[in-house]
């Protein structure tokens, strides 16, 4: 486990993560959230309670990423998944200590 400071100018996080290669340039980033509330802020707020992890799937040929919100630490426990475009933006996943929650958003 490493702390994801910045991954290829696409993901910025202050949480621990595992990077899993899925081929030459495709990879997954697995981030444990330890059951904290997850606020997803694009473009409207979605909130997930009691989730254990976030899985982000990156591909080399596209700016689209797939995000899975996981109830447990395996892909089969995904309670939600969605695609977003990171065109000229980064994905930020960070622990907000003041509000005791994980925030997921995209920004420049």
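One table, with the values for the structure above:
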quantity: Residue list for the stretch 20-35, filter: surrounded by 16 or more Cβ atoms within 10 Å (Cβ to Cβ) and assigned to a strand (DSSP E or B); calculated: 27, 28, 29, 30, 31, 32
quantity: Test result for residue 97, over 15 Å from residue 7 (Cα atoms) and out of contact with any strand residue (DSSP E or B) (no Cβ under 9 Å at 6 or more places or on another chain); calculated: yes
quantity: Selected residue (criterion: modelled with the lowest pLDDT) from residues of the stretch 48-66 that are more than 12 Å from residue 82 (Cα to Cα) and surrounded by fewer than 19 Cβ atoms within 10 Å (Cβ to Cβ); calculated: 60
quantity: Residue list for the stretch 71-95, filter: under 19 Å from residue 34 (Cα atoms), free of Cβ contacts under 8 Å to residues at least 40 places away in the same chain and over 11 Å from the mean Cα position of the chain (by Cα); calculated: 71, 72, 74, 75, 76, 77, 78, 79, 80
quantity: Enumeration of residues in the stretch 33-46 that are modelled with pLDDT under 95 and either under 19 Å from residue 58 (Cα atoms) or in contact with a helix residue (DSSP H, G or I) (Cβ under 8 Å, 6 or more places away or on another chain) (or both); calculated: 42
quantity: Selection status of residue 9, in contact (Cβ under 8 Å) with a residue 60 or more places away in the chain and in a loop (DSSP other than H, G, I, E, B); calculated: yes
quantity: Residue 107 vs. criteria at negative phi, without any contact (Cβ under 8 Å) to a residue 24 or more places away in the chain and surrounded by 17 or more Cβ atoms within 10 Å (Cβ to Cβ); calculated: no
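The values are calculated or read from the model by the stated rules, or taken from the named source; none is laboratory data. As the structure is a computational prediction, the values presented were derived from the model and not from experiment. Positions of Cβ are generated from backbone atoms using ideal geometry, with glycine treated the same way; all protein chains shown enter the neighbour counts.
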